[in-house]
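Written out below as structure tokens is the structure these notes cover.
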Amino acid sequence: QSTTIRSIKSLVPLLDRVLVQRIKAEAKTASGLFLPESSVKELNEAKVMAVGPGALDKEGRRLPMGVNAGDRVLIPQYGGSPVKVGEDEFHLFRDSE
């Protein structure tokens, strides 16, 4: 598992790309009941793992990114480019998405 973490930390998205990992839904309720896998749906919430330096405007200046590594964000249900490292799956989105 430590090799997976090292390789993800070495990934740096280009321009205005954001690398996120979808947060897994809890399989247990607040009262302690375990839910079957079929009833647990994917959340649209993710943790930002890495952020690119930002896109360039027409004059060549960097546009600041809207998120930082470590932020929790809402992502679209579909879209993004899947990136698989080991057994972990990540998604690459544009900052505007």
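The values are calculated or read from the model by the stated rules, or taken from the named source; none is laboratory data. This is a predicted model, so every value here is computed, not measured. Note that we place each Cβ from the backbone using ideal geometry, even for glycine, and neighbour counts take in every protein chain shown. Accessible surface areas use protein heavy atoms only, side chains included; no ligands, DNA or RNA. Shrake-Rupley method; radii C 1.70, N 1.55, O 1.52, S 1.80 Å.
Among the conditions (1) of a type outside the set (Gly, Ala, Ser); (2) farther than 20 Å from Val12 by Cβ; (3) modelled with pLDDT of 85 or more, the only one that Gln77 does not satisfy is (3). The lone criterion from (1) in a strand (DSSP E or B); (2) surrounded by fewer than 10 Cβ atoms within 10 Å (Cβ to Cβ); (3) among the aromatic types (Phe, Trp, Tyr) left unmet by Tyr78 is number (1). When the residues of the stretch 29-62 are filtered to those that are modelled with pLDDT of 80 or more and of a type in the set (Lys, Arg), the one that is surrounded by the most Cβ atoms within 10 Å (Cβ to Cβ) is Lys47. Given the criteria open to solvent by 60 Å² or more (accessible area, probe 1.4 Å) and either free of Cβ contacts under 8 Å to residues at least 40 places away in the same chain or aliphatic (A, V, I, L, M) (or both), does Met65 qualify? No.
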